[in-house]
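Read through the structure below, which is laid out as structure tokens, and then see the notes.
The values are calculated or read from the model by the stated rules, or taken from the named source; none is laboratory data. In this text, all values refer to a predicted model and were calculated from it rather than measured experimentally. Glycine gets a Cβ as well: all are built from the backbone with ideal geometry, and neighbour counts include every protein chain shown. Side chains are part of the model used for accessible areas, which takes the heavy atoms of the whole protein and leaves out ligands, DNA and RNA. Shrake-Rupley method; radii C 1.70, N 1.55, O 1.52, S 1.80 Å.
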Amino acid sequence: MSITRAADRVITVNGFSKSAAMTGWRLGYICGPKEVVDTIQKLNQHTISCLSDFSMEAALEALQCKDAMAAMVESYRRRRDFFVAGLNAIPGVTCHLPKGTFYAWTKVELAGKNSREIAEYLLEEAGVATVPGDAYGLGGACCIRMSFASAEDDLREALRRMDAAIRKIND
């Protein structure tokens, strides 16, 4: 806790999905004042229970791997920077640099298509899987979401294919 006088008012909820590359494990933790954590535990024990021993042991091990985690974060940063720059180099594509995820939220202007049509077109024409932005609400009408948690060569190939497919329909 960086501000000790606020300790009784701070609740930290975190997980291992991104920080330790344990996506799909659905394993997390909460830290805070005892009375708050106890109350949350009463609610939690009836909705989520019985974590497997190997999940808890893996999480404990992940907490001991700070150097490996720092290297992983740096690797994600490099892929993010490369991938977002590549997206922004495609005409009609805009992607802001995300700060805390391995997903790129990307606006694609593609011949008046909505996000579902864009995702379908990129899958069929370029062989690149994306998630339609409207799955996340009204603000995603012309947006798609893509993961950059892949090998750099795969990301480079996805960018090449997307660029060709988007230029084909927009030119």
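In segment 96-121, what residues are free of Cβ contacts under 8 Å to residues at least 60 places away in the same chain, over 18 Å from G137 (Cα atoms) and among the hydrophobic types (A, V, I, L, M, F, W, C)?
Once the filter is applied, which keeps residues that are free of Cβ contacts under 8 Å to residues at least 60 places away in the same chain, over 18 Å from G137 (Cα atoms) and among the hydrophobic types (A, V, I, L, M, F, W, C), segment 96-121 yields L97, A111.
Is there any pair with a first residue in segment 127-144 that is at negative phi and a second that is of a type in the set (F, W, Y) whose Cβ atoms are under 9 Å apart and which are 6 or more apart or on different chains, and what are they?
The qualifying pairs are V131/Y103; G133/W105; Y136/W105; G140/W105; C143/W105; C143/Y136; I144/W105.
Only one of (1) open to solvent by less than 100 Å² (accessible area, probe 1.4 Å); (2) out of contact with any Leu (no Cβ under 6 Å at 6 or more places or on another chain); (3) of a type outside the set (G, A, S) is not met by K42, so which one is it?
(1)
Any idea which residue in segment 141-158 is surrounded by the most Cβ atoms within 10 Å (Cβ to Cβ), counting only those that are of a type in the set (A, V, I, L, M) and not in a helix (DSSP H, G or I)?
Checking each candidate, the answer is I144.
Open to solvent by 90 Å² or more (accessible area, probe 1.4 Å), out of contact with any Asp or Glu (no Cβ under 8 Å at 6 or more places or on another chain) and under 28 Å from A151 (Cβ atoms), is that true of R80? Steps first, please.
Details: open to solvent by 90 Å² or more (accessible area, probe 1.4 Å): no; out of contact with any Asp or Glu (no Cβ under 8 Å at 6 or more places or on another chain): yes; under 28 Å from A151 (Cβ atoms): yes.
No: the conditions fail for R80.
Considering only residues that are part of a loop (DSSP other than H, G, I, E, B), small (G, A, S) and open to solvent by less than 50 Å² (accessible area, probe 1.4 Å), look in segment 100-140 and name the one that is farthest from N88 (Cα to Cα).
Filtering segment 100-140 for residues part of a loop (DSSP other than H, G, I, E, B) gives 100-102, 109-114, 127-130, 137.
So of that shortlist, the ones also small (G, A, S) come out as 100, 111-112, 127, 129, 137.
Adding the requirement that they be open to solvent by less than 50 Å² (accessible area, probe 1.4 Å) leaves 127, 137.
Details: G127: 19, G137: 23 Å.
Here the residue is G137.
Taking the criterion of being over 23 Å from L159 (Cβ atoms) and touching a Leu at 6+ places or on another chain (Cβ under 7 Å), would at least one residue in segment 15-22 satisfy it?
yes
Can you tell me which residue within segment 135-171, out of those that are under 18 Å from the mean Cα position of the chain (by Cα) and of a type in the set (D, E, K, R), is nearest to E74 (Cα to Cα)?
Only one residue tops the list, namely E152.
Give the residues of segment 56-100 that are closer than 15 Å to S19 by Cβ and of a type in the set (G, A, S), sorted by residue number.
Once the filter is applied, which keeps residues that are closer than 15 Å to S19 by Cβ and of a type in the set (G, A, S), segment 56-100 yields A58, A59, A62, A68, A70, A71, S75, G100.
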